[in-house]
Amino acid sequence: MKQPNSKIPKIAKDIQNIHMLIGQGKYKEAIRKIDDYEKKNPDNQNWQFNKVGLLIDTGLGLKDKSVVQRGISAGEQNLQNVKYERYRTTTLYNLANGYFSLYELSERGNDIEAIPQSDNLQKTKIYFRQMLSDDDSLNMELKKQAFVNYGNCLDTLGRGVESLYVYNEALKIDSKFLMAIGNKAMAQRFFADISGQYRDAMYIEAYQAIKSIINNQDLIEVGGASAKQAFETELKHIENLFKNKKGLAKKLTHPKYKTAKLSRFEKFYLDLCTKEKLFLNFHIHQEYCEAAIVDPIFISLITKVGDKDTFYNFAKHVNQIKEDYAVARLLLVQSQYNRRDFDNISERTTFVNCLDYSQFNLYIGLLKSAFKEAYNILDKIAVFINDYCNMGLKENKIYFTSIWQKNGKIRDEILNSKNISLYALYDIYQDFNSSYYKRIKDIRNAITHRRLVIFDSVLTNWDKKDDKCNIGYDTMLYQTNELMRLTKSAIIYLINFVNIEENKKGASGSIIPEIPVDTSQFL
């Protein structure tokens, strides 16, 4: 039965009081009040919407999975009810947090093998993505917190490169958002040990970022006592790595790369690739400096004395992957750089004007080729994993979507690795296996097997359509940039996967001599 209007202010006030109890850590009192209101207000729409988040937050505080699940069940019922359509965005946010809470309570403390098999993490990811896609209905406060929580989910899944992009989205909304600053610093630190000469700089930047927020009086209110404790633990960890603690306080500078001797195209190339974050390095937290415009990452292998073949065999794999990526990136930049000689070359090929604003020319072809090259790298990553893990699959039947599972379950070689970066690649596969990358798959299949017609985005409305063989130019460019960043992330995860595995070999503490290799190019 609908409640009288006079009751609404009281319910709103009582809901606020329950929020306060949760904030004060009085979870038992909070759940008693929740249960009491559930009995008294079973049909009140305001209460049925608000109880979702209240149950999830209280259940996490009580460490009671059943209470969290009550909140999730209520939220998923609300999603199916048109009466709660205007609450959809917040409900999706609460559900994502609810499933992440279930992961925290039932799986995080278990073996790392729980990560790739966690339905809770997958549902967390799905609900955050659905929520953030409802962009028009998001208020900025909720949106920035959603970006941080989604970034936390990606980071937990091993996808730290992509989590940094997401934390940056939160910081675009609020550059002083404490949890975005702290969590970005912790994600960045993960890549420090594999950053070569920039290792110390990445540790120092992470340390200084966390130090800047650790004593902020709002930190506990925003992130809870557990967040502050995690940041304090991180600070101590970094401090223990530095004998000279004064070095942690020094001001770091990253001078912009010099452009005086560069051609106009090379300047354009560097600016575009920096803007779109397309370089292969672990210096991904800083832009427009020399360290951020190179592709130095590579594998290191520990081999038996006298083994002159293993490293170079795998090096050829990595060389091919990096070469393909560099070519895809160059094709993308060339597609955006108008020049008279390219115009002349394009005009030497006859294309029919189909009178519908479809576009065919050299620049369009370069954009399509960039997309194809970037997509094909994923299959080469799969071939590398097959060889490195001795999976024994026939090379001509290996694709990025074919190596991860056997009889519907994750392969033992993948699961038993307990390697977070290999799990990250598996999670990318799961996104391809679901509908999340459907547009990317459709574009690739159209270019490769049928046709993909690109239309002028200014003069047509193809950008708003989901068509397998036709696409607006702006959408094609956006999807290509997204695929390039995904491929970059996958390459970094591959390199890090190998580094983690090789470090296991050196865990005995025995001295392993380093053997330098020649990196000169025959140009």
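The values are calculated or read from the model by the stated rules, or taken from the named source; none is laboratory data. Keep in mind it's a predicted model, so treat the numbers as computed, not measured. Cβ sites come from the backbone with ideal geometry, for glycine too, and all protein chains shown count toward neighbours.
Answer with yes or no whether residue 260 is out of contact with any Phe, Trp or Tyr (no Cβ under 9 Å at 6 or more places or on another chain), farther than 27 Å from residue 482 by Cβ and of a type outside the set (D, E, K, R).
Taking the combined requirement at face value, the residue satisfies it.
Since residue 331 meets every condition but one in (1) in contact with an Asp or Glu (Cβ under 8 Å, 6 or more places away or on another chain); (2) farther than 29 Å from residue 192 by Cα; (3) part of a loop (DSSP other than H, G, I, E, B), which condition does it not meet?
(3)
Go through the stretch 111-145 and count every residue that is more than 16 Å from the chain's Cα centre (by Cα), closer than 17 Å to residue 76 by Cβ and surrounded by fewer than 20 Cβ atoms within 10 Å (Cβ to Cβ).
Going through the stretch 111-145 one residue at a time, the tally reaches 2.
Taking the conditions exactly as written (within 28 Å of the chain's Cα centre (by Cα), modelled with pLDDT under 95, in a helix (DSSP H, G or I) and buried (at least 20 other Cβ atoms within 10 Å of the Cβ)), does residue 496 satisfy them or not?
It is true that residue 496 is within 28 Å of the chain's Cα centre (by Cα), modelled with pLDDT under 95, in a helix (DSSP H, G or I) and buried (at least 20 other Cβ atoms within 10 Å of the Cβ).
Taking only the stretch 382-419 into account, find how many residues are within 20 Å of residue 302 (Cα to Cα) and either touching a strand residue (DSSP E or B) at 6+ places or on another chain (Cβ under 9 Å) or in a helix (DSSP H, G or I) (or both).
6
Might you check whether a residue that is under 19 Å from residue 192 (Cβ atoms), hydroxyl-bearing (Ser, Thr, Tyr) and in contact with a helix residue (DSSP H, G or I) (Cβ under 8 Å, 6 or more places away or on another chain) occurs anywhere in the stretch 209-226?
yes
Considering every residue within the stretch 74-88, establish whether at least one is in a loop (DSSP other than H, G, I, E, B) and either without any contact (Cβ under 8 Å) to a residue 12 or more places away in the chain or of a type in the set (Ser, Thr, Tyr) (or both).
Within the stretch 74-88, the first condition is being in a loop (DSSP other than H, G, I, E, B), and the residues that meet it are 80-81.
Right, trim to either without any contact (Cβ under 8 Å) to a residue 12 or more places away in the chain or of a type in the set (Ser, Thr, Tyr) (or both) and you get 80-81.
Yes, because at least one residue in the stretch 74-88 is in a loop (DSSP other than H, G, I, E, B) and either without any contact (Cβ under 8 Å) to a residue 12 or more places away in the chain or of a type in the set (Ser, Thr, Tyr) (or both).
For residue 136, are the conditions met, namely being under 27 Å from residue 487 (Cβ atoms), part of a helix (DSSP H, G or I) and either modelled with pLDDT under 95 or of a type in the set (Asp, Glu) (or both)? Before the answer, list the steps.
Working: under 27 Å from residue 487 (Cβ atoms): no; part of a helix (DSSP H, G or I): yes; either modelled with pLDDT under 95 or of a type in the set (Asp, Glu) (or both): yes.
The answer is no for residue 136.
Mind telling me which of the residues 429, 436, 473 ends up being out of contact with any His (no Cβ under 9 Å at 6 or more places or on another chain), free of Cβ contacts under 8 Å to residues at least 40 places away in the same chain and either farther than 28 Å from residue 130 by Cβ or of a type in the set (Phe, Trp, Tyr) (or both)?
Details: 436 fails: free of Cβ contacts under 8 Å to residues at least 40 places away in the same chain; 473 fails: free of Cβ contacts under 8 Å to residues at least 40 places away in the same chain.
One residue alone meets the criteria, 429.
Would you please list the contacts, defined by Cβ atoms under 7 Å and residues six or more apart or on different chains, that run from a residue in the stretch 1-18 that is exposed (fewer than 10 other Cβ atoms within 10 Å of the Cβ) to a residue that is at pLDDT 50 or above?
Short answer, once both residue conditions are applied: 1/43; 2/43.
How many residues are farther than 18 Å from residue 433 by Cβ, touching a residue at least 12 places away in the same chain (Cβ under 8 Å) and among the small types (Gly, Ala, Ser) if we restrict to the stretch 104-141?
Here the count works out to 2.
So which of 307, 343 ends up being without any contact (Cβ under 8 Å) to a residue 24 or more places away in the chain, in the same structural domain as residue 493 (by TED's automatic domain parsing) and in a loop (DSSP other than H, G, I, E, B)?
Matching residue, one of 307, 343: 307.
Can you name every residue in the stretch 296-351 that is within 20 Å of residue 488 (Cβ to Cβ), among the charged types (D, E, K, R) and surrounded by fewer than 16 Cβ atoms within 10 Å (Cβ to Cβ)?
323
So in the stretch 175-208, with the set limited to residues that are hydroxyl-bearing (Ser, Thr, Tyr) and free of Cβ contacts under 8 Å to residues at least 60 places away in the same chain, which one is farthest from residue 492 (Cα to Cα)?
Among residues in the stretch 175-208 that are hydroxyl-bearing (Ser, Thr, Tyr) and free of Cβ contacts under 8 Å to residues at least 60 places away in the same chain, the one farthest from residue 492 (Cα to Cα) is 175.
Tell me the residue from 440, 428, 454 that is part of a helix (DSSP H, G or I) and over 20 Å from residue 164 (Cα atoms), please. Even if it seems obvious, please write down each step before you answer.
Working: 428 fails: over 20 Å from residue 164 (Cα atoms); 454 fails: part of a helix (DSSP H, G or I).
Step by step, each of 440, 428, 454 is checked, and only 440 is part of a helix (DSSP H, G or I) and over 20 Å from residue 164 (Cα atoms).
Hey, could you check the stretch 249-269 for residues that are at pLDDT below 95 and not in a loop (DSSP other than H, G, I, E, B) and say which is surrounded by the most Cβ atoms within 10 Å (Cβ to Cβ)?
If we take residues in the stretch 249-269 being at pLDDT below 95 and not in a loop (DSSP other than H, G, I, E, B), then 256 is surrounded by the most Cβ atoms within 10 Å (Cβ to Cβ).
Go through 468, 441, 464 for me and flag whichever is within 20 Å of the chain's Cα centre (by Cα) and surrounded by fewer than 16 Cβ atoms within 10 Å (Cβ to Cβ).
The conditions single out 441.
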